[in-house]
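S.K.: Sharing a structure below in structure tokens format, with a few things to ask.
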Amino acid sequence: MGAQAHGVLGRYRRYFKPGNALVEIGCGSDSTPALYEIARETGQTFYACDPKHPEVADLGQGRDDFVYVDRKGEDFLAHDFEATGQRISAAYLDNFDWMWNPARFRNENKPKFLVEMVAEYGQAGEELCNVNSSIAHLEQSILVDRYAADPCAILFDDTWFEYAHEVYLGKGSAAVIYLLSRGWRVADELDMHGLATMVVKGIERGG
């Protein structure tokens, strides 16, 4: 869904103050170039965090405003980001996969792509499951909140409000609730064509 979702951040670019940071955790061939362009246009340093996609580092060759991070985003934010002296204007969180209908993996005829995905996570010492996806995005959000500029925007891919049960589901399900408890608000939501939820602080409604 990321190829459709990441563009929502562009709607808020006028709030991104020069000299701050735009952080992407979980890179992609569509999202990373587009988000880097937003960062360049608004004077941000762009941090691309994804040890699984070292090829994205090529986008920033010869440029000081592109930093490829070959480690988990939450590890980078927890141990190294403070030393940059920057604040985070925006973040796109889309790394730890969400399993759609995970019951399929318990069936005898498991989808091949799902078997391969689970194996890939296992090789990295991780268990692919939706609880772990939610935990990863929560940990990232706690750290983004710590270093957030004012204003700031966080976009969660594969995250939506389930009206039938009045609860958030998806990658950012726990993170959105945490941020709401910290005074952030939901500013934007995408529908079934690109499930995503934008949470902001310091940006008034209709601003």
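S.K.: What pairs come out if I take residues in region 152-163 that are at pLDDT below 90 and pair them with residues that are of a type in the set (A, V, I, L, M) whose C-beta lies under 6 Å away, six or more apart or interchain?
M.R.: Qualifying pairs under 6 Å: Glu162/Leu169.
S.K.: Please specify each residue of region 87-137 satisfying the condition of being of a type in the set (S, T, N, Q) and closer than 30 Å to Phe46 by Cβ. Steps first, answer last, please.
M.R.: Just the residues of region 87-137 that are of a type in the set (S, T, N, Q), to begin with: 89, 95, 101, 107, 109, 123, 130, 132-134.
Once the filter is applied, which keeps residues that are of a type in the set (S, T, N, Q) and closer than 30 Å to Phe46 by Cβ, region 87-137 yields Ser89, Asn95, Gln123, Asn130, Asn132, Ser133, Ser134.
A quick yes/no check of all residues on (1) surrounded by 23 or more Cβ atoms within 10 Å (Cβ to Cβ); (2) under 21 Å from Arg87 (Cα atoms):
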site	(1), (2)
Pro18	no, yes
Val23	yes, yes
Gly26	yes, yes
Asp30	no, no
Arg40	no, yes
Cys49	yes, yes
Lys52	no, no
Glu55	no, no
Arg63	no, yes
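S.K.: Please pick out the residue among Ser89, Ser181 that is polar (S, T, N, Q) and surrounded by 20 or more Cβ atoms within 10 Å (Cβ to Cβ).
M.R.: Of the residues listed, the single one that is polar (S, T, N, Q) and surrounded by 20 or more Cβ atoms within 10 Å (Cβ to Cβ) is Ser89.
S.K.: Another question, if that's okay. Counting only residues that are among the small types (Gly, Ala, Ser) and touching a residue at least 60 places away in the same chain (Cβ under 8 Å), which one in region 37-91 is nearest to Met117 (Cα to Cα)? Walk me through how you get there before you give the answer.
M.R.: We begin by selecting, within region 37-91, every residue among the small types (Gly, Ala, Ser); these are 39, 43, 48, 57, 60, 62, 73, 78, 83, 85, 89-91.
Checking the rest, the ones that are also touching a residue at least 60 places away in the same chain (Cβ under 8 Å) come to 73, 78, 89-91.
Values: Gly73: 20, Ala78: 27, Ser89: 32, Ala90: 29, Ala91: 25 Å.
Only one residue tops the list, namely Gly73.
S.K.: I would also like to ask the following. Quickly run through region 127-178 and pick out the residues that are hydroxyl-bearing (Ser, Thr, Tyr), within 12 Å of Ile88 (Cβ to Cβ) and surrounded by 23 or more Cβ atoms within 10 Å (Cβ to Cβ).
M.R.: Residue satisfying the conditions is Ser141 alone.
The values are calculated or read from the model by the stated rules, or taken from the named source; none is laboratory data. All of these numbers come straight from a predicted model, not from anything done at the bench. Using ideal geometry, Cβ is built from the backbone for each residue, glycine included, and neighbour counts are taken over all protein chains shown.
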